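Structure, as structure tokens:
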């Protein structure tokens, strides 16, 4: 599930878009190692996404996740960051700039929303 949350933040998707990508996008299945073609394996609920984001935010894991992924990719592709081009685009984690807030509508049902910090 953590991989799904990371892909969601990398692609700046809504929960609905993320659920659809997880269900139908073969690239996401490959990236997340979803090998079973059953509906059961290709489904994620909105509540599961909310819960995972809440855990990441509560434990302050945004920076550690970004650093671990960056380090793994650097090793995998044998990159030397000291040889970075001056005109290279710097990528920063969007998750570090987000915060979870509890939103209650008029009916009193609560839901988690992302807001820019």
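The values are calculated or read from the model by the stated rules, or taken from the named source; none is laboratory data. Just so it is clear, the model here is predicted, and its values are computed rather than measured. FYI the Cβ positions are ideal-geometry reconstructions off the backbone, even for glycines, and counts take in every protein chain you see.
Tell me which of these residue 34 doesn't satisfy, since it passes every other one: (1) in a helix (DSSP H, G or I); (2) more than 27 Å from residue 81 (Cα to Cα).
Every listed condition holds for residue 34 apart from (1).
What residue, among those in segment 42-68 that are assigned to a loop (DSSP other than H, G, I, E, B) and surrounded by 11 or more Cβ atoms within 10 Å (Cβ to Cβ), is modelled with the lowest pLDDT?
42
How about segment 27-41: which of its residues are within 24 Å of residue 66 (Cα to Cα) and surrounded by fewer than 15 Cβ atoms within 10 Å (Cβ to Cβ)?
Filtering segment 27-41 down to residues within 24 Å of residue 66 (Cα to Cα) leaves 27-34.
Answer for segment 27-41, where residues must be within 24 Å of residue 66 (Cα to Cα) and surrounded by fewer than 15 Cβ atoms within 10 Å (Cβ to Cβ): 27, 30, 31, 33.
For (1) in contact with a strand residue (DSSP E or B) (Cβ under 6 Å, 6 or more places away or on another chain); (2) outside any helix (DSSP H, G or I); (3) modelled with pLDDT of 85 or more; (4) more than 21 Å from residue 4 (Cα to Cα), each residue gets a yes or a no:
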{"residue": "70", "(1), (2), (3), (4)": "no, no, yes, no"}
{"residue": "73", "(1), (2), (3), (4)": "no, no, yes, no"}
{"residue": "86", "(1), (2), (3), (4)": "no, yes, no, yes"}
{"residue": "90", "(1), (2), (3), (4)": "no, yes, no, yes"}
{"residue": "101", "(1), (2), (3), (4)": "yes, yes, no, no"}
{"residue": "108", "(1), (2), (3), (4)": "no, yes, no, yes"}
{"residue": "112", "(1), (2), (3), (4)": "yes, yes, no, no"}
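Collect the residues in segment 5-26 that are over 17 Å from residue 69 (Cβ atoms) and surrounded by fewer than 11 Cβ atoms within 10 Å (Cβ to Cβ), keeping them in residue-number order. Lay out the reasoning, then the answer.
Of the residues in segment 5-26, the ones over 17 Å from residue 69 (Cβ atoms) are 13-26.
16, 24, 26, listed by residue number.
Taking only pairs six or more apart or across chains, which ones have beta-carbon atoms under 8 Å, a first residue in segment 1-16 that is over 16 Å from residue 42 (Cβ atoms), and a second residue that is at pLDDT below 90 and surrounded by fewer than 15 Cβ atoms within 10 Å (Cβ to Cβ)?
Listed pairs, sorted by first residue: 6/69.
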